[in-house]
Amino acid sequence: MKTEYVESLIVGGGQAGLATSYFLSQRGRPHVVLEKASGPGSAWRDGRWDSFTLVTPNWSFRLPGAEYEGDDPDGFMPRDEVVARLEQYVARYRLPVQHGVQVTGVRLLDSGGFRVETDNGPYEAANVVMATGLFQRPRRPGFSADLSSDVLQLHTGDYRRSDALPPGAVLVVGSAQSGCQIAEELNLSGRRVFLCVGSAGRAPRRYRGKDTYEWLSLAGFLDRTVDAFPSPGLRFAGNPHISGARGGHSLNLHQFARDGVTLLGRLIGADGHRLRLAPDLAANLAKGDQLETDIVNLIDGYIERSGLDAPPEQLPQWRHGYDVPIVEELDLKRAGINTLIWAVGYTFDFGLVHLPLFDAYGFPVQQRGVTTCPGLYFAGLPWLPSQKTGLFLGVGEQAAHIAATIAG
């Protein structure tokens, strides 16, 4: 099959790949974006439930050249609008995206540049930008294979809506952002819900007159770099639970318990219909409570240092979760649970790149997305160098840097 040559090849047609394409187009640099799905933004299109909304406010949607300018800056964009905006972005700027092309490998050529293998034939490129995102593989524990086959197992990326599930109760495993949003939706739909609680914390939706996300942005929290953590592995912890649904609101596990959700400790083993649970519910609830306290203290400190006029506020102090009995074994059949939703996140996998450019965690070694291998870049991940480079808020800034580097 004939090899096609292009100066720059972008792998992935999500917001990072499209933003990089936008800046290369503005500079008149020839390039191609390869996207495996049938349209841009496959993670939003195919990997989110029907009622999904962004948990970040609309004003933070800062795709370069298509920044949000609507009449609801403090609202939360639904999934279908995110997808539509990405489609409009490609059409408006005539970005050279090729859909339905799966990249299978990226290798360095002895003569310089790269050979990119795809299911549609090979490419050669002087530059390759990996914009495949941080969440490639749904995570499941090995013991998931030990569950009875009559229990439907889904990952959060496969869940769509309550009425698409079999009748009966639902067990959600994981209490970070997605797990809590799905558990709340199922409970509101009338399902009996069990929730295995991990160590992810929570953040209030609003505090002292502003959305918490705005406070964190103003205070520089989203500009943190990896060296702010005592261990580099902590940068991959689950996102705090919070919701943009129904206009945006706080999520609180104690309130879940009050509203009828059965809280459990971490799931540590399975055998048929029987589950083994860690007796750590109270400890995990305390971690969630502590994160909210830490965030509130950070905002209070910023307000005081800045001399801002923002009246003090006392958040509700729920305690219902601490009264929940500790359960160390659960019989799914006896509890009426026919569906288990794994909400334990994703693992990243950059195995397409056959080069020794990754740290002990499998994350690319780079400076602002620029690797030590000339011509190879990573875009759209958090911590390139700050947390916000993985968000709509900061993706454009990092994409601009990569395009400028390619343009020389």
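Of the listed requirements (1) touching a residue at least 40 places away in the same chain (Cβ under 8 Å); (2) within 19 Å of ILE295 (Cβ to Cβ); (3) out of contact with any strand residue (DSSP E or B) (no Cβ under 7 Å at 6 or more places or on another chain), ALA200 misses just one: (3).
Looking at ARG85, ARG79, which is the one that is under 30 Å from SER243 (Cβ atoms), in contact with a Phe, Trp or Tyr (Cβ under 7 Å, 6 or more places away or on another chain), among the basic types (Lys, Arg) and open to solvent by less than 70 Å² (accessible area, probe 1.4 Å)?
Working: ARG85 fails: in contact with a Phe, Trp or Tyr (Cβ under 7 Å, 6 or more places away or on another chain).
Step by step, each of ARG85, ARG79 is checked, and only ARG79 is under 30 Å from SER243 (Cβ atoms), in contact with a Phe, Trp or Tyr (Cβ under 7 Å, 6 or more places away or on another chain), among the basic types (Lys, Arg) and open to solvent by less than 70 Å² (accessible area, probe 1.4 Å).
This table checks each residue for (1) among the aromatic types (Phe, Trp, Tyr); (2) in contact with a His (Cβ under 9 Å, 6 or more places away or on another chain); (3) at pLDDT 95 or above.
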{"residue": "ARG62", "(1), (2), (3)": "no, no, yes"}
{"residue": "ARG92", "(1), (2), (3)": "no, no, yes"}
{"residue": "PRO96", "(1), (2), (3)": "no, yes, yes"}
{"residue": "ASP110", "(1), (2), (3)": "no, no, no"}
{"residue": "PHE114", "(1), (2), (3)": "yes, no, yes"}
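There is no residue in the stretch 165-174 that is under 25 Å from LEU281 (Cα atoms), among the β-branched types (Val, Ile, Thr), modelled with pLDDT of 95 or more and out of contact with any Leu (no Cβ under 8 Å at 6 or more places or on another chain).
Scanning the stretch 33-58 for residues that are open to solvent by 20 Å² or more (accessible area, probe 1.4 Å) and touching a Leu at 6+ places or on another chain (Cβ under 9 Å) yields a count of 3. Looking across the stretch 329-356 at every residue that is part of a loop (DSSP other than H, G, I, E, B) and open to solvent by less than 20 Å² (accessible area, probe 1.4 Å), the one that is nearest to SER111 (Cα to Cα) is identified as PHE350.
So which residues in the stretch 367-392 are open to solvent by less than 30 Å² (accessible area, probe 1.4 Å) and farther than 19 Å from SER21 by Cβ? Spell out how you get there, then give the answer.
So in the stretch 367-392, the residues open to solvent by less than 30 Å² (accessible area, probe 1.4 Å) come out as 369, 371, 373, 375-384, 386, 389-390, 392.
Passing the criteria: THR371, CYS373, PRO382, TRP383, SER386.
Against the list (1) open to solvent by 40 Å² or more (accessible area, probe 1.4 Å); (2) hydroxyl-bearing (Ser, Thr, Tyr); (3) in contact with a Phe, Trp or Tyr (Cβ under 6 Å, 6 or more places away or on another chain), the condition TYR159 fails is (1).
The values are calculated or read from the model by the stated rules, or taken from the named source; none is laboratory data. Being a predicted model, the structure only gives us computed values, none of them experimental. Reconstructed Cβ throughout: ideal geometry from the backbone, glycine too, with neighbour counts over all protein chains shown. Note: areas computed on protein heavy atoms with side chains; ligands, DNA, RNA excluded. Shrake-Rupley method; radii C 1.70, N 1.55, O 1.52, S 1.80 Å.
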